[in-house]
């Protein structure tokens, strides 16, 4: 399975600011994804990070709020822009393996004051 | 479209007792089904997956799940609960050929000594 790291592991931010979360994988992967887990809730897919093209966003998520970069096959960033307390969540990146599995990073726990 | 329903947001069992976590799915195409476990303050770990091979799937830590098409179910079981099994468990579905994982709401398993 792939080893996935995320930075930062947690952060406390002020309303109106932006935070960029990094996701690094120890091997080249085609598919990378960003999920959000709001407090006490399940995971919701934000977008699929495509290498060499724009990310594909799910309904309810927009590029202006959650810009994503995917400069190569091992790295991606998610930015949470103009944050509000409602953005307080755990943000997780995941990768798809050739064996139809998805592996998740440890998550970034974000608190917005 | 796919969806997952996990019956019971909280399940409590005694140590050594049978663990049964329920998952029912809906899918417009043949599904792939997954169970993940999330320990406190950690990311998700894949327990097991069903990808149209054997209907009884064995995973890590003694867990197994049976795919029952007639019941659209994929319940997770373990014969004997251990204290270390206390965690939140998520069932997820995606269509064959797709990449988007749709998660259930999660079931928190408590193991009593």
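General remarks:
- Scanning region B:88-113 for residues that are in a strand (DSSP E or B) and within 14 Å of chain A (Cβ to nearest Cβ) yields B:88, B:89, B:90, B:91, B:92, B:93, B:94, B:95, B:102, B:103, B:107, B:108.
- Restricting region A:102-113 to residues that are assigned to a loop (DSSP other than H, G, I, E, B) and surrounded by fewer than 18 Cβ atoms within 10 Å (Cβ to Cβ), the residue that is modelled with the highest pLDDT is A:113.
- Residue match in region B:46-60 (condition: in contact with a strand residue (DSSP E or B) (Cβ under 9 Å, 6 or more places away or on another chain), within 14 Å of another protein chain (Cβ to nearest Cβ) and free of Cβ contacts under 8 Å to residues at least 12 places away in the same chain): yes
- Any chance residue A:92 is surrounded by 19 or more Cβ atoms within 10 Å (Cβ to Cβ), at pLDDT 95 or above, assigned to a strand (DSSP E or B) and within 14 Å of chain B (Cβ to nearest Cβ): yes
Let's see how each residue does on (1) within 13 Å of the chain's Cα centre (by Cα); (2) buried (at least 21 other Cβ atoms within 10 Å of the Cβ); (3) in contact (Cβ under 8 Å) with a residue 12 or more places away in the chain; (4) within 29 Å of residue B:5 (Cα to Cα):
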site	(1), (2), (3), (4)
A:34	yes, yes, yes, yes
A:37	yes, yes, yes, yes
A:40	no, no, no, yes
A:49	yes, yes, yes, yes
A:67	yes, no, yes, no
A:79	yes, no, yes, no
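- Residue check, residue B:41 within 20 Å of residue A:106 (Cβ to Cβ) and assigned to a loop (DSSP other than H, G, I, E, B): yes
- Condition met for residue B:72 (without any contact (Cβ under 8 Å) to a residue 60 or more places away in the chain and more than 10 Å from the chain's Cα centre (by Cα)): yes
- Filter result for the condition that a residue is within 15 Å of the chain's Cα centre (by Cα) and surrounded by fewer than 19 Cβ atoms within 10 Å (Cβ to Cβ), over B:14, B:84, B:26: B:26
The values are calculated or read from the model by the stated rules, or taken from the named source; none is laboratory data. The structure presented is a predicted model; accordingly, all values stated were derived computationally and were not measured. When we count neighbours, we look across all protein chains shown, and the Cβ atoms used for this are built from the backbone with ideal geometry, even at glycine.
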